[in-house]
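Peer 1: Quick one: this structure, given as structure tokens, is what I'll be asking you about.
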Amino acid sequence: MEFKSREKLLYYARTLEGRTINDAVNFIPPEFISEFTKADEAEYKIEYKGKGGFGDFLEERFFHKKNDSESRPDFSELAIELKASPLKKLQDGTVTVKERLVLNHFRFVDIVKESFDTSKFVSKNAHLLLVFYFYMKNSVDYGNFKIDLVDIWDTLLRDSKQLEEDWNTIVAKVRRGEAHLLSEGDTVLLGACTKGGNKEKSMQKQPYSDIPAPGRALCLKSSYIKSIYKTLAADRENRHSEKSLQTGKVWKPLDVLLHERLDRYFGICGAKIARITGTKFNPKDKSRYARLMKPMLGLQKDENYHEFEAGNIQVKSVRIEANGKVNEAMSFRNIYFKDIVTEDWEDSLFYEELTSKFIFMFFRKKDKDDDDYVFDGFVLWNMPVADLETAQVVWEDTRNKIMNGDYKHFINASKKRIAHVRPKGRNGASLMETPQGTFEKKKCFWLNNEYIQEIVDNRTPFRPLVQE
DNA sequence: GCATGATCATGC
DNA sequence: GCATGATCATGC
């Protein structure tokens, strides 16, 4: 089936919203019905299965397109690529995207010959027709999956600079002969994820090194596709009102932007930064330095710098004592006992957090008798692959213990495993339901303070950029 | 001294 | 009321 314009395609595709595919075919606007024929149906697959099962079903049974793996976009006449993205409901009822959106698989030997502008990524994924649906575990009854939201996302109009930088980061690594060291944490929006569960089998040659590397596909990182869903879900609320105009903000590399906003606070103590930025600064508030970070970055309380939000960049404050020591571990979000047992490592919250870019903002005590810390610069950081693998061991151990109902023997800080599990709640009465139906004290993953210490020890001395 | 468990102010 | 982003207090 071909469409004359993107508006027509979207109009047709939105028949799916709020329906299942089996229902939607009964509500197709009459003008489209003559567009496909019985002959098309004869070519459909009989069975759909595997990870792309729903996508294949959708493509054939609703859009009447034969499944293919061509490098052209699915609706090549409009340069629009069809992508299905599964949703899940969290315990608190929030709807969110289940996993990263996998795009084209690539070969290391091919991608090094491309430039961003001539890349397969650009020619295939500039415009995405996104179909967000509720995934049902262990079901292949794709015709009865409920579809929540359908919209077109113009990847390259929205985020082209950051995507280009990410693409270049990935390809530069392959060109350095480091394809085996690729990590989703290297990049902000676009990721290079491993493809193929069986790692032995998916090993590939890379052009500038003899070391075999796991096959990779480009993907929109989990946090990015989540943020796209949030944006489109909000757009849905005012689809019939005027669309807001693009603001045309000038894009800058993240480090330049951070220097621009943060250099002025270098060496200044918390209380004074609070005065300058008009922020509360209560010595009893444990988060008082963390609370300074948003105003320092020039963000309103409810404002998120687009790349921060979309790329899920984590901004964390780190206190350094007068003797150079980092005393405290770094906390992450609560472990949702009932959710974690359904997750795989690469779909997990902790993985998403650890493969983010981090901005560490340092606050250092100048003298051990001081009661305030001064801003001591920042670093942009992401976790090396080897450490990510260690974190995976901690995560899997934790998930397995939760599955077995063991809440007493999580990996602790003295195991020196980069990360550990520890309580995190309002008080001892902060409980959370478990998959066993019991209630246990709220916990979360922490990065060990020793690990943060290494990052502090290895940082290059902070130098404010000279302003022209 | 430091690992571990407990707890806190704040914003939404 | 609870998640967030942390630090505090203790006991070994």
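The values are calculated or read from the model by the stated rules, or taken from the named source; none is laboratory data. Everything quoted here is computed from the prediction, not taken from an experiment. Reconstructed Cβ throughout: ideal geometry from the backbone, glycine too, with neighbour counts over all protein chains shown.
Peer 1: State whether the residues of the range A:348-359 include one that is farther than 26 Å from A:Leu465 by Cα, among the β-branched types (Val, Ile, Thr) and modelled with pLDDT of 90 or more.
Peer 2: yes
Peer 1: Can you tell which of A:Leu257, A:Leu292 is modelled with pLDDT under 90 and surrounded by 14 or more Cβ atoms within 10 Å (Cβ to Cβ)? Write out each step before concluding.
Peer 2: Working: A:Leu292 fails: modelled with pLDDT under 90.
After applying the criteria, what remains is A:Leu257.
Peer 1: Restricting to the range A:75-91, give me the number of residues that are touching a residue at least 24 places away in the same chain (Cβ under 8 Å) and assigned to a loop (DSSP other than H, G, I, E, B).
Peer 2: Of the residues in that region, 5 qualify.
Peer 1: Are there any pairs, at least 6 apart or on different chains, whose C-beta atoms fall under 6 Å, with the first in the range A:332-356 and within 16 Å of DNA strand B (Cβ to nearest atom) and the second aromatic (Phe, Trp, Tyr) and at pLDDT 90 or above, and if so, which?
Peer 2: Qualifying pairs under 6 Å: A:Phe332/A:Phe445.
Peer 1: Within the range A:343-378, take every residue that is away from DNA strand C (no atom under 14 Å from the Cβ) and farther than 14 Å from A:Thr398 by Cβ and give me the one that is farthest from the chain's Cα centre (by Cα).
Peer 2: Of everything passing the filter in the range A:343-378, A:Asp369 is farthest from the chain's Cα centre (by Cα).
Peer 1: Pick from A:Val421, A:Val394: which is within 14 Å of DNA strand C (Cβ to nearest atom) and farther than 30 Å from A:Arg261 by Cα?
Peer 2: Being within 14 Å of DNA strand C (Cβ to nearest atom) and farther than 30 Å from A:Arg261 by Cα holds for just one of A:Val421, A:Val394, which is A:Val421.
Peer 1: Find all pairs meeting these conditions: Cβ atoms under 7 angstrom apart; at least six residues apart or on different chains; first residue within the range A:438-450 and outside the structural domain of A:Arg333 (by TED's automatic domain parsing); second residue within 11 Å of DNA strand B (Cβ to nearest atom) and part of a strand (DSSP E or B).
Peer 2: Going by the 7 Å Cβ cut-off, there are no qualifying pairs.
Peer 1: For the range A:424-468, give me each residue that is more than 10 Å from DNA strand C (Cβ to nearest atom), β-branched (Val, Ile, Thr) and modelled with pLDDT of 90 or more.
Peer 2: A:Thr434, A:Thr438, A:Ile455, A:Val456
Peer 1: While we're looking at this one, here's another question. Condition check: more than 12 Å from DNA strand B (Cβ to nearest atom), touching a strand residue (DSSP E or B) at 6+ places or on another chain (Cβ under 7 Å), among the acidic types (Asp, Glu) and closer than 17 Å to A:Asp339 by Cα. Does A:Glu433 satisfy that? Talk me through it step by step, then tell me what you get.
Peer 2: Details: more than 12 Å from DNA strand B (Cβ to nearest atom): yes; touching a strand residue (DSSP E or B) at 6+ places or on another chain (Cβ under 7 Å): yes; among the acidic types (Asp, Glu): yes; closer than 17 Å to A:Asp339 by Cα: yes.
Answer is yes for this residue.
Peer 1: Further, regarding this structure: Return yes or no: is A:Val394 within 16 Å of DNA strand B (Cβ to nearest atom), part of a helix (DSSP H, G or I) and at negative phi?
Peer 2: Against the criterion (within 16 Å of DNA strand B (Cβ to nearest atom), part of a helix (DSSP H, G or I) and at negative phi), A:Val394 qualifies.
Peer 1: Only one of these conditions is not met by A:Glu165: (1) more than 22 Å from A:Lys89 (Cβ to Cβ); (2) without any contact (Cβ under 8 Å) to a residue 40 or more places away in the chain. Which number is it?
Peer 2: Condition (2) is where A:Glu165 drops out.
Peer 1: On to the next question. Is one or more of the residues making up the range A:377-390 outside the structural domain of A:Glu184 (by TED's automatic domain parsing), closer than 19 Å to A:Ile268 by Cβ and not aromatic (Phe, Trp, Tyr)?
Peer 2: Within the range A:377-390, one or more residues are outside the structural domain of A:Glu184 (by TED's automatic domain parsing), closer than 19 Å to A:Ile268 by Cβ and not aromatic (Phe, Trp, Tyr).
Peer 1: Identify, by number, the condition in (1) more than 21 Å from A:Ser356 (Cβ to Cβ); (2) of a type in the set (Ser, Thr, Tyr); (3) within 11 Å of DNA strand B (Cβ to nearest atom) that A:Ser287 doesn't meet.
Peer 2: The single condition A:Ser287 does not satisfy is (1).
Peer 1: So, one more: Residue check, A:Gln204 against (1) assigned to a strand (DSSP E or B); (2) modelled with pLDDT of 90 or more; (3) not hydroxyl-bearing (Ser, Thr, Tyr), all met but one. Which one?
Peer 2: (2)
Peer 1: Which residue is nearest to DNA strand C (Cβ to nearest atom), if the candidates are limited to the range A:310-342 and must be in a loop (DSSP other than H, G, I, E, B) and of a type in the set (S, T, N, Q)?
Peer 2: The residue in question is A:Asn327.
Peer 1: Also: Can you name the number of the only condition in (1) of a type in the set (A, V, I, L, M); (2) assigned to a loop (DSSP other than H, G, I, E, B); (3) under 21 Å from the mean Cα position of the chain (by Cα) that A:Leu129 fails?
Peer 2: (2)
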